[in-house]
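The values are calculated or read from the model by the stated rules, or taken from the named source; none is laboratory data. Computed from a predicted model, the values in this text were never measured in an experiment. Backbone-built Cβ (ideal geometry, glycine too); neighbour counts: all protein chains shown.
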Amino acid sequence: MSYLSSETKQFDTHCHLDLYQNPADVVCSLRQEAVQTVAVTNTPSVFPRTERKARGNSLVWPALGLHPELAVERRGELPLFAEYLEKTRWVGEVGLDYAVSETRDQRIQRRVFDRILELCAQSGDKILTIHSRRAARDVVEAIGSDFPGKAILHWYSGSLTVLEQAVEYGFYFSVNPAMASSERFSPLVKRIPRERILTESDGPFVKVHGRAATPRDTCHVLGTLSSAWNEPVNQVGERLLENLRSLLGDSR
Ligand code: MN
């Protein structure tokens, strides 16, 4: 579990495999390019299905999630979250989203997220892939500097000040093709240490050439990083794999 094969060429730390029209086709395509993929889920009740499908497929790591946009409606599933947590090291999609909700809903989201963080802290070595739309400051503050696990801010779109705080706390950042091609990315990428960057697709929500991005599309992020870092693409690829290895390996 969570062991990275030496064959791995690319990886995706945030993909909604269960939400594609044909998940089986996407899973098949992982084999061709050896793309290690974290299959996030949006509620605890759908996790067992993803977990079952991932058994026997070393390229898929299932993640247990409770998406902030569903936190109000599905907070009754927190006991299920607690029950399934021992089945995986990966947690996501979790976090906060202040774009869509009222203050009351934000407070509920925060309570749900705090409980998730508490449960994860008790287990010790969880890796979280975290949503933080319009809530970056609260997300970073909620996790804090001494969280006993790893935090990956997925599709970060907050301020540079909060980003620097997150860097100081040791968090990682996962970048998808839509994020890498946006103008907002260039100031962000300058402030994130190279050893803290990972790749994600956030498929099927992110689109590439008008179709749903798949884990293989993480290759599109490499070109942007290659220009930003002035490093050859293959060297960027190696560096990113090294980042994933260190994320998996060194427990703080
Ligand atoms: Mn997502």
Determine whether residue 205 is surrounded by fewer than 20 Cβ atoms within 10 Å (Cβ to Cβ), within 16 Å of the ligand (Cβ to nearest atom) and modelled with pLDDT of 95 or more.
yes
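Consider the range 186-202. How many of its residues are over 17 Å from residue 129 (Cβ atoms) and buried (at least 20 other Cβ atoms within 10 Å of the Cβ)?
Of the residues in the range 186-202, the ones over 17 Å from residue 129 (Cβ atoms) are 186-191, 193-195.
Right, trim to buried (at least 20 other Cβ atoms within 10 Å of the Cβ) and you get none.
Final tally of qualifying residues: 0.
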Give the residues of the range 84-102 that are more than 16 Å from the ligand (Cβ to nearest atom), in contact (Cβ under 8 Å) with a residue 24 or more places away in the chain and over 15 Å from residue 139 (Cβ atoms), sorted by residue number.
84, 85, 86, 87, 88, 89
Any residue at all in the range 209-232 that is crowded, with 19+ Cβ neighbours inside 10 Å, free of Cβ contacts under 8 Å to residues at least 24 places away in the same chain and among the hydrophobic types (A, V, I, L, M, F, W, C)?
yes
Are any residues in the range 1-11 outside any strand (DSSP E or B) and either within 16 Å of the ligand (Cβ to nearest atom) or over 28 Å from residue 71 (Cα atoms) (or both), and if so, which ones?
3, 4, 5, 6, 7, 8, 9
Within the range 119-145, count every residue that is touching a Lys or Arg at 6+ places or on another chain (Cβ under 9 Å) and surrounded by fewer than 22 Cβ atoms within 10 Å (Cβ to Cβ).
5
When (1) more than 16 Å from the ligand (Cβ to nearest atom); (2) polar (S, T, N, Q); (3) surrounded by fewer than 22 Cβ atoms within 10 Å (Cβ to Cβ) are applied to residue 36, the one that fails is (3)
How many residues are under 14 Å from the mean Cα position of the chain (by Cα) and farther than 20 Å from residue 37 by Cβ when one looks only at the range 158-195?
1
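Condition (residue is touching a Gly at 6+ places or on another chain (Cβ under 9 Å) and of a type outside the set (A, V, I, L, M)) applied to the range 164-174: is it met by at least one residue? Lay out the reasoning, then the answer.
Taking the range 164-174 first, the residues touching a Gly at 6+ places or on another chain (Cβ under 9 Å) are 166, 169.
Next cut, of a type outside the set (A, V, I, L, M) only: 169.
Yes: the range 164-174 contains one or more residues that are touching a Gly at 6+ places or on another chain (Cβ under 9 Å) and of a type outside the set (A, V, I, L, M).
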Tell me the residue from 142, 135, 63, 71 that is within 19 Å of residue 244 (Cα to Cα), hydrophobic (A, V, I, L, M, F, W, C), touching a residue at least 40 places away in the same chain (Cβ under 8 Å) and in contact with an Asp or Glu (Cβ under 9 Å, 6 or more places away or on another chain), please.
63
Of the residues that make up the range 41-55, is at least one surrounded by fewer than 20 Cβ atoms within 10 Å (Cβ to Cβ), within 16 Å of the ligand (Cβ to nearest atom) and either touching a residue at least 60 places away in the same chain (Cβ under 8 Å) or aliphatic (A, V, I, L, M) (or both)?
yes
Regarding the range 156-164, can at least one residue be identified that is away from the ligand (no atom under 16 Å from the Cβ), in contact with a strand residue (DSSP E or B) (Cβ under 7 Å, 6 or more places away or on another chain), of a type outside the set (Gly, Ala, Ser) and at negative phi?
no
I'd like the full set of residues that are outside any loop (DSSP other than H, G, I, E, B) and within 16 Å of the ligand (Cβ to nearest atom), limited to the range 12-30.
12, 13, 14, 15, 17, 18, 19, 23, 26
Failed condition for residue 111, given (1) modelled with pLDDT of 95 or more; (2) within 16 Å of the ligand (Cβ to nearest atom)
(2)
Those helices (runs of 4 or more DSSP H) completely within the range 137-252 that have 3 or more residues that are touching a Phe, Trp or Tyr at 6+ places or on another chain (Cβ under 8 Å) are 233-249
